[in-house]
1. Restricting the search to region 60-73, which residues are in a helix (DSSP H, G or I) and exposed (fewer than 10 other Cβ atoms within 10 Å of the Cβ)?
2. Return the residues of region 3-59 that are in a helix (DSSP H, G or I), more than 30 Å from residue 75 (Cβ to Cβ) and polar (S, T, N, Q); say none if nothing qualifies.
3. Only one residue in 53, 77, 9 is of a type in the set (Lys, Arg), modelled with pLDDT under 85 and surrounded by 10 or more Cβ atoms within 10 Å (Cβ to Cβ), so which one is that?
Amino acid sequence: METLRLWGRALARGAVPVGLGLLLWLAVGAGEQRRQDKLKALPEGSPQVLAQRRLHNELVMAALREAAETDENVARRPVPWRK
């Protein structure tokens, strides 16, 4: 009888942290889904903004590629520089 009580107490002590972890996981998971839905609804996801961002990234990569290929210090050029 004593061993059953000890086993029951041990199972209860082990189940409490597992239960708390499960509750926290569910709470964070629901918040994450709401956050992802909000991010999808932002105007930054529009095709125009994505096209502008893509063009900007291409220009930055071209500048980095040119800087890697030349010995000139491209950081010292005037701001609106062209090839």
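The values are calculated or read from the model by the stated rules, or taken from the named source; none is laboratory data. Quantities reported herein were computed from a predicted structural model and do not represent experimental measurements. As a convention, Cβ positions derive from the backbone with ideal geometry for all residues, glycine included, and neighbour counts pool all protein chains shown.
1. 68, 69
2. 3, 33, 36, 48, listed by residue number.
3. None of the other options fit; the residue is 77.
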